[in-house]
Number of protein chains: 2
Amino acid sequence: MKILILGGDGYFGWPTAMHLSAQGHQVAVVDNYLRRSLCREENVEPLVEVPNLHQRAALWESVAGYPIPVFIGDLRQWETIEAVFRQFEPESIVHFAEQPAAPYSMLNRRSATLTLRNNLDVTANVIFAVKQFNPAIHIVKLGTMGEYGTPAIDIEEGWLEVEHKGRRQKFLYPRQAGSLYHTTKIMDTDLLWFYVRVWELRVTDLMQGPVYGIFTQENRIDEALCPFLNYDELFGTVLNRFVIQAVADYPMTVYGKGGQTRGYLNIIDTLNCVRLALVNSPANGELRILNQFTETFSVNQLAQKVQSVARAMGYKAKISSVENPRKEAEDHYYNPAHTGLLDLGLKPQFLTGEVLSEMIEFAARHKTAIRPEQIFRKVRWD
Amino acid sequence: MKILILGGDGYFGWPTAMHLSAQGHQVAVVDNYLRRSLCREENVEPLVEVPNLHQRAALWESVAGYPIPVFIGDLRQWETIEAVFRQFEPESIVHFAEQPAAPYSMLNRRSATLTLRNNLDVTANVIFAVKQFNPAIHIVKLGTMGEYGTPAIDIEEGWLEVEHKGRRQKFLYPRQAGSLYHTTKIMDTDLLWFYVRVWELRVTDLMQGPVYGIFTQENRIDEALCPFLNYDELFGTVLNRFVIQAVADYPMTVYGKGGQTRGYLNIIDTLNCVRLALVNSPANGELRILNQFTETFSVNQLAQKVQSVARAMGYKAKISSVENPRKEAEDHYYNPAHTGLLDLGLKPQFLTGEVLSEMIEFAARHKTAIRPEQIFRKVRWD
């Protein structure tokens, strides 16, 4: 299958590109290095510097034998997406090309405007390009479990059947997110759902939870193939941050009560989920929504898991409750469904002690690169 | 009250400005003449040419004695909105500054991109400006009944209490619209609802149905104060179009079966609803949603009403069913609530024979200006 990966330089994009390439698919990647620029601007660069896409693609070809064509350009510009579609002629698209961080989106007016414009303009251009060049293309879009928020009822898989005054209607499950970033994902869903209905597009929306991890089957051969690892408050995901904090002897920053519960998954499962979605395509005119996570944990539980493994490895691994800079429920009901991907064949990689100790070992190898001052800077939601 | 009207040149903007000014409020208007530009580009100009905003404001001051400061600029640019907020220091904002036409939004990629960017960028800038300059400002935002679509259950006023597996949760009423334009209004709602929750903004979202009419209390004194009257398929609303078609001896274009039912209101009621929302402000941190229409009609019923009055005035007023260029249900359940504005004191101006005959007389006075070729050009949704 010819698969085009938008945002192919990112934490998910590059590992996904290698994974699909290793499975025998023809893969191409597009990126404009937006996330690298933002990390540099905000002085929160990843733990280990990562070679650029051309270099990584060359390295991958040398070790695996598969080429991955690289396109550099801004997908908000029609000229960019048009050129890529004409040259590569994708059959499927994996759309990761969004500003991916909630705290960054809440930093200031500039960061909010950039998040809003980038995420929606790219999604719109993807839709228009598919319509113009090949409406049979399957769009696999990364949404987020955060779109649902934390309602007091069970979270279903994308849809909700409502009975009201004796009549019934199936709706998109109502969405109510906790950051501007997450809200742009809701707006993406609105846009995709509209055009699925009018133009009969073929779309999978993967409602992904926070991801952790570094290693995948394809990058163990050379650390230069590993993804970014951000450990700062702006771009780092919570478990990755806690691992670095434990190694750096920086008390793990639990926001408020720490009862905030989410569905988590290993980066290996992200790749498997995307692949399963691609090889099991929905029909034209179908918006298929899959909740993409494998286990739910509260922030307290995550901190305790890291603490337990890290202490056994000789770290102090303190936990510190800090004033919550976000606006969110710190103690809430959370029962989200997630059977769709298991039904497609997902075999989860759960958060074991082994997974955690391997992450801690990686962080320990790069301990001198950790800059504690970039870990926590209190980006307040208000 | 100091009220800033965004999109003050439009079909609603200018009549609202005069109405609030006549009620003793200090009113200022902003516009970039976007709609005038789009009508010119698409060769679908209104029935009667309308003086520019500076000219209308001067005319209004000469007849009513009240000044209405005019700002010309693009509210997508932060510099524009910042300058207006600093100079006028509004206490309330009425936000009409959006590309307002569903068919225009479905015309092509350029029109879709313009609609998406314009509508969301302006709404975001309004939010950011209110947060920066005065978070107590009440934002009155024009939404649309079209955000709800045509679900098989009753449409409530903005919110839906859901019972699911023995638990309860109140959600934003699920939205599912029939055009890109309407979808951008859903996306506006997502954005406003997020920032109401995090920043405790004070917002009224008026979910308005299609509006008809020309005359208001304030413009009877001089036709140069009347709003645009578009009768084309791109920018004209259905009843206004049917009136012109009857006068032009152009069979009224009913799409498909004509059972499409919506909630309608007279432009006079638009002004009253906006005023009632302004003088009865919600609390900070409240998103108040009001369904703004006074009567529901199917397209067939509208055509028959126009036919009946027009025939009594000597017109043939034929009705012609044409293939539906849109994707929409032509026969559906429709039972939307609309008590909120009545509770605030709205006294509806219903669609009487007198209202219709006055509209027909207006069209007849300008009959020679009607260009039949711009009435119907089949902008197809697919």
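The values are calculated or read from the model by the stated rules, or taken from the named source; none is laboratory data. Keep in mind the model is a prediction, meaning the values are calculated, not measured. Cβ sites come from the backbone with ideal geometry, for glycine too, and all protein chains shown count toward neighbours.
Entry remark, the stretch B:243-266: residues being over 20 Å from B:Thr216 (Cα atoms) and assigned to a helix (DSSP H, G or I) number 3 in total.
Got a sec? Which of B:Tyr255, B:Tyr264, B:Tyr250 is within 27 Å of B:Arg365 (Cα to Cα) and touching a strand residue (DSSP E or B) at 6+ places or on another chain (Cβ under 7 Å)? None of the other options fit; the residue is B:Tyr264.
Exactly one residue among A:Ile68, A:Ile93, A:Ile81 is more than 24 Å from A:His366 (Cβ to Cβ) and assigned to a loop (DSSP other than H, G, I, E, B), and that residue is A:Ile68.
Within the stretch A:222-241, take every residue that is outside any loop (DSSP other than H, G, I, E, B) and touching a Phe, Trp or Tyr at 6+ places or on another chain (Cβ under 9 Å) and give me the one that is surrounded by the fewest Cβ atoms within 10 Å (Cβ to Cβ).
Within the stretch A:222-241, the subset outside any loop (DSSP other than H, G, I, E, B) is A:223-225, A:238-241.
Going one step further and asking which of them are touching a Phe, Trp or Tyr at 6+ places or on another chain (Cβ under 9 Å), we end up with A:223, A:225, A:238-241.
Values: A:Glu223: 14, A:Leu225: 20, A:Val238: 22, A:Leu239: 23, A:Asn240: 25, A:Arg241: 24.
If we take residues in the stretch A:222-241 being outside any loop (DSSP other than H, G, I, E, B) and touching a Phe, Trp or Tyr at 6+ places or on another chain (Cβ under 9 Å), then A:Glu223 is surrounded by the fewest Cβ atoms within 10 Å (Cβ to Cβ).
When A:Tyr195 is tested against (1) hydroxyl-bearing (Ser, Thr, Tyr); (2) more than 15 Å from the chain's Cα centre (by Cα); (3) away from chain B (no Cβ under 14 Å), exactly one condition is not met: (3). So is B:Phe96 more than 22 Å from B:Leu192 (Cβ to Cβ) and surrounded by 20 or more Cβ atoms within 10 Å (Cβ to Cβ) or not? In short, no.
Among the candidates B:Thr123, B:Thr144, the residue that is at the interface with chain A (Cβ under 10 Å from one of its Cβ atoms) and either of a type in the set (Ser, Thr, Tyr) or within 24 Å of B:Ile3 (Cβ to Cβ) (or both) is uniquely B:Thr123.
Per-residue answers, yes or no, for (1) more than 7 Å from every other protein chain (Cβ to nearest Cβ); (2) more than 18 Å from the chain's Cα centre (by Cα); (3) among the aromatic types (Phe, Trp, Tyr):
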site	(1), (2), (3)
B:Gly158	yes, no, no
B:Lys170	yes, yes, no
B:Ile186	no, no, no
B:Glu200	yes, yes, no
B:Gly209	yes, no, no
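If you go through the stretch B:329-349 and keep only what is away from chain A (no Cβ under 14 Å), of a type outside the set (Gly, Ala, Ser), surrounded by 15 or more Cβ atoms within 10 Å (Cβ to Cβ) and closer than 17 Å to B:Gly158 by Cβ, you end up with B:His338, B:Leu341, B:Leu344, B:Leu346.
If I filter the stretch A:299-320 for residues that are among the charged types (D, E, K, R), on the phi > 0 side of the Ramachandran plot and more than 19 Å from the chain's Cα centre (by Cα), do I get at least one hit? No; the residues of the stretch A:299-320 include none that is among the charged types (D, E, K, R), on the phi > 0 side of the Ramachandran plot and more than 19 Å from the chain's Cα centre (by Cα). Among the criteria (1) part of a helix (DSSP H, G or I); (2) crowded, with 24+ Cβ neighbours inside 10 Å, the one B:Ile5 does not fulfil is (1).
Test B:Glu45 against the criterion of being assigned to a loop (DSSP other than H, G, I, E, B) and within 16 Å of the chain's Cα centre (by Cα), and give yes or no. Criteria not met by B:Glu45. May I ask you to verify whether B:Thr352 is among the β-branched types (Val, Ile, Thr) and either within 14 Å of chain A (Cβ to nearest Cβ) or under 23 Å from B:Asn230 (Cα atoms) (or both)? Yes. Across the stretch B:28-87, the number of residues qualifying as closer than 25 Å to B:Leu107 by Cα, away from every other protein chain (no Cβ under 14 Å) and charged (D, E, K, R) comes to 9. Only a single item in (1) out of contact with any Leu (no Cβ under 6 Å at 6 or more places or on another chain); (2) at pLDDT 95 or above is not met by B:Glu49, and it is number (2). Scanning the stretch B:90-116 for residues that are out of contact with any helix residue (DSSP H, G or I) (no Cβ under 7 Å at 6 or more places or on another chain) and within 12 Å of chain A (Cβ to nearest Cβ) yields B:Asn108, B:Arg110, B:Leu114.
Can you confirm whether B:Asn134 is within 14 Å of chain A (Cβ to nearest Cβ) and polar (S, T, N, Q)? In short, no. Of all residues in the stretch B:356-381, which are among the β-branched types (Val, Ile, Thr), touching a helix residue (DSSP H, G or I) at 6+ places or on another chain (Cβ under 9 Å) and at pLDDT 95 or above? Hits for the stretch B:356-381 are B:Ile360, B:Ile370.
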